[in-house]
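Since every read-out is calculated from the coordinates, none of them should be taken as a lab result. None of the values given here were measured: they were computed from a predicted structure. No Cβ is skipped: glycine too gets one built from the backbone with ideal geometry, and neighbour counts run over all protein chains shown.
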Amino acid sequence: PNQTAVPRAWDCNEAPNPYADVSCSSSNPVGYVITILPMGNQTFDQLELSTAAGTLVTTHSIRYDSAFKVWYAAATAPLNASTSYNVKLQGKDNAGKALTLNWSFTTGTKFFQTNSKATLLALPGR
């Protein structure tokens, strides 16, 4: 949360590639990947990304990687430079009750970042 200088894009250069079904490459990148580390049995079904001004950003649907036990999503196109974004994440907590989490981050000026890791949010157990 409140991370700054977040890279604007990701080129899907990873094995295994979580976006293998999406036409993604260094010449056609997606927005930088938002990665969510759940605590316990939390599940998520909706991630909404918007600019601080409230403009919705189109994202690929949220996905779960069972091998790494993380949830992730990315904008369908690179993010704007030096822009604040808000994330709204919805799902269920460990007791099966509705859970909504909100946080923000700001992109930097770098388009790609070599050997970078996605924005990671570790969620408190509930």
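If you place +1 on the Cβ of every Lys and Arg and -1 on the Cβ of every Asp and Glu, how big does the dipole about the Cα centre of the chain come out, in debye to the nearest 20?
With only Lys, Arg, Asp and Glu charged at Cβ, the dipole is about 280 debye.
Which residue fluctuates the most in the chain, going by a Gaussian network model with Cα springs under 10 Å, if the choices are L49, L101, L89?
L101
Most fluctuating residue of S25, S66, S104 in a GNM of the chain with Cα springs under 10 Å: which is it?
The residue with the greatest mean-square fluctuation here is S66.
Give me the net charge of N80's neighbourhood, meaning all other residues with Cβ under 13 Å from the Cβ of N80; Lys, Arg count +1, Asp, Glu -1.
Result for the neighbourhood of N80: +2.
Divide, for the chain, the radius of gyration over alpha carbons by 2.2 N^0.38 Å, where N is the residue count.
Dividing the Cα radius of gyration by 2.2 N^0.38 Å gives 1.02.
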